[in-house]
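Worksheet: the structure to be examined is printed underneath.
The values are calculated or read from the model by the stated rules, or taken from the named source; none is laboratory data. Everything numeric here is computed off the predicted structure, so don't read it as measured data. When we count neighbours, we look across all protein chains shown, and the Cβ atoms used for this are built from the backbone with ideal geometry, even at glycine.
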Amino acid sequence: MIWYPYQQMKTMGAPYEIIDASGVYLYTREQKLIDSVSSWWSVIHGYKHPELNEAITAQVGRFSHVMLGGLTHEPAQALSQRLEQFLPGDLDYCFFSDSGSVAVEVALKMALQYYMNQGDTRRTMILALEHAYHGDTFKTMEAGDDEDYHFVLNAYGPSPHVVHIPTRIQALEEAFGRYHNRLNCLLVEPLLQGAGGMRMYDVSFLKRARELCDQYGVLLIFDEVATGFGRTGNRFVADLVLPDILVLGKALTGGYIGHAVTVASQKVYQGFYDDDPAHALMHGPTFMGNALACSAALKSIELFEREDYMSKIRRIEAVTRRELEGFTDPRVKEVRIMGGCVCVEVLDPAVLQGYQQFACQRGVFSRPFLNYMYAMVPYVIQEEELVQVLSTMKAWFQR
């Protein structure tokens with residue numbers, strides 16, 4: 001049987017069985033549902049997109065996968081070149097992997113080894129954010145700060161290798177003042193912290209972080225697995241503040257196939273480029289650079305640019321602000337909107353019990369968690385479909 005994610009299997013209700021999907025809709029045997037969460041924020045082009053389908057099937061006709069160990073192929077080469085052109089600054093060096101969590105692990109490994117390759121073994125610490133979520137592998141859990149997901153690490157006790165701070169500039173400056181010569185990196189979800197509660201913060205924090213990283217020789221890592229490809233209303237937050245290492249996943253392939261990439265700057269790459277074999281990055285996921293995933297990613301980036309997705313995201317944000325203007329309820333703590341994300345945070349998680357079923361009855365698939373009712377819709381959503389999602393959210397409080 002399937003062991004489902006983030007569920008107590010003994011008490012979970014039956015999941016909705018999907019038999020088809022197209023555009024923004026998921027189809028059960030009884031009804032169609034607008035997917036308001038884009039399959040965990042990844043399906044930006046909607047389902048069954050004809051060009052993405054064709055890109056993958058064409059690649060299947062050639063080959064589906066060959067390893068990158070001692071081999072290479074055109075889809076991986078083309079995607080690396082496309083990302084080099086597409087991404088800001090000198091983020092030019094692509095290390096592929098098969099999931100966002102693994103890609104963050106790679107980034108953290110890069111940061112640690114970057115200094116080890118220079119003979120600096122003091123820099124073993126990571127500076128990260130409170131309420132951070134970077135995945136469910138062990139180092140990403142350690143770098144994270146979400147008791148609801150990572151409580152299993154309580155078995156080890158507090159980590160001596162990670163310091164968590166709030167998104168306040170004073171806390172950032174104090175942490176650098178205290179730990180700067182022991183830090184190898186500052187790891188952040190820039191502007192929008194997803195699984196930690198759709199928390200949003202100002203770009204001034206990131207600008208100051210860049211200054212401090214430069215001042216003290218610390219690497220800045222942006223985990224844009226969730227925020228990349230327009231979700232914050234920016235193409236990438238890295239367009240605003242340039243990190244040393246950028247991590248992308250989820251929407252990279254349009255949500256078609258699990259794939260991710262850790263992109264390093266010239267400085268980081270040069271820290272490994274050496275005659276000494278011990279300075280190589282000894283990492284290699286089996287499915288890194290998967291040909292089907294690379295083909296999907298190439299077509300996804302083409303669609304993103306050709307169809308001017310940034311204008312679609314601006315429209316989504318404008319409609320969301322219009323529809324939620326003046327919305328209040330005594331049970332609501334805050335309504336937050338940024339780009340293609342909206343979150344209604346309630347004071348008591350019990351308020352949201354039953355909302356998923358309520359939304360389903362109204363033709364919307366939603367997956368609230370803890371105190372957070374949210375939507376991250378596919379960018380191809382039509383205005384009337386988006387209004388249906390937002391009206392359903394408001395209707396829950398008007399019963």
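Per-structure values
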read-out	value
In segment 210-233, the residues that are without any contact (Cβ under 8 Å) to a residue 60 or more places away in the chain and either outside the structural domain of A260 (by TED's automatic domain parsing) or crowded, with 24+ Cβ neighbours inside 10 Å (or both)	L220, F222, E224, T227, G228
Filter result for L303 (within 18 Å of the chain's Cα centre (by Cα) and in a helix (DSSP H, G or I))	no
Residue among Y179, Y156 that alone is closer than 18 Å to D244 by Cβ, free of Cβ contacts under 8 Å to residues at least 60 places away in the same chain and among the hydroxyl-bearing types (S, T, Y)	Y179
Residue within segment 318-333 that is under 19 Å from G197 (Cα atoms) and assigned to a strand (DSSP E or B) present	yes
Enumerated strands (runs of 3 or more DSSP E) restricted to segment 90-165, each holding at least 2 residues that are over 17 Å from the mean Cα position of the chain (by Cα) and among the small types (G, A, S)	none
One residue from E142, E130, E174 being in the same structural domain as V237 (by TED's automatic domain parsing) and within 29 Å of L347 (Cβ to Cβ)	E130
Within segment 334-360, tally of residues that are part of a strand (DSSP E or B) and in contact (Cβ under 8 Å) with a residue 12 or more places away in the chain	9
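Matching residues to (1) at pLDDT 95 or above; (2) in a loop (DSSP other than H, G, I, E, B):
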| residue | (1), (2) |
| --- | --- |
| P5 | no, yes |
| I18 | yes, yes |
| A21 | yes, no |
| R29 | yes, yes |
| L33 | yes, no |
| S39 | yes, no |
| V43 | yes, yes |
